[in-house]
Amino acid sequence: MSKFLCHCGYIIRDQTDYLPYKAYFFLDADTNQSFERFYTYLHDLQIALDQGKHQEFFKVVHGEENRIEPFSLEDSVATMFGGLFATRSHTLYECENCGRIWLQSHRDMNHYIPYLPEGSMRGVLKADDDKKKAYIEAVYEELTEKEGE
Ligand SMILES: [Zn+2]
């Protein structure tokens with residue numbers, strides 16, 4: 001999704017990398033199946049490496065037509081991990097204006113469902129640094145004080 005209009009009127013743009021208001025998530029129902037496939041790949045890769053047959057392994061796993069000569073270990077792992085990510089992840093966005101979370105309801109569909117936050121907390125999809133931690137601790141106290149009233 002390149003851009004869309006939030007209910008508050010703010011335009012949420014997705015036209016670059018490292019957006020502080022975008023995240024990916026995996027459904028719990030998909031996690032075991034997805035990661036087990038990746039673990040199986042790693043297991044089989046280890047056997048191929050031990051036997052010195054990793055180029056043959058890459059040919060089988062990635063297909064003859066997708067094989068770059070020589071296919072590197074990094075390329076292979078990146079391709080497998082990228083594929084897992086592309087086929088299993090969902091996207092979500094946080095509106096920087098109103099804090100509304102837009103959640104991709106199905107990974108094959110470009111439909112996003114909005115969820116409004118109850119409090120003033122914003123920036124929940126920003127990188128987990130110390131600044132974010134301090135902000136969350138301050139706002140979280142405010143939220144829990146309200147709950148106690
Ligand atoms: Zn908004």
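General observations
- If you filter segment 5-59 down to residues that are assigned by TED's automatic domain parsing to the domain that holds Pro70, of a type in the set (D, E, K, R) and free of Cβ contacts under 8 Å to residues at least 24 places away in the same chain, you find that the one that is nearest to Trp102 (Cα to Cα) is Asp28.
- All positions within segment 68-92 that are surrounded by 14 or more Cβ atoms within 10 Å (Cβ to Cβ) and part of a helix (DSSP H, G or I): Asp75, Ser76, Val77, Thr79, Met80, Gly83, Leu84, Arg88
- Note on segment 1-48: enclosed strands (runs of 3 or more DSSP E) holding 2 or more residues that are more than 14 Å from the ligand (Cβ to nearest atom) and of a type outside the set (Gly, Ala, Ser) are 22-25.
- Within segment 96-108, residues that are within 14 Å of the ligand (Cβ to nearest atom) have Cβ atoms under 6 Å from residues that are among the hydroxyl-bearing types (Ser, Thr, Tyr) and not in a strand (DSSP E or B) in these pairs: Glu96/Tyr21; Asn97/Tyr10, counting only partners at least 6 apart in sequence or on another chain.
- Some residue of segment 100-108 being closer than 26 Å to Lys126 by Cβ, at pLDDT 90 or above, of a type in the set (S, T, N, Q) and touching a Phe, Trp or Tyr at 6+ places or on another chain (Cβ under 9 Å): yes
The values are calculated or read from the model by the stated rules, or taken from the named source; none is laboratory data. What you are looking at is a predicted structure, and each value in this text was computed from that prediction instead of being measured. Here Cβ is always computed from backbone atoms with ideal geometry, including for glycine, and neighbour counts include all displayed protein chains.
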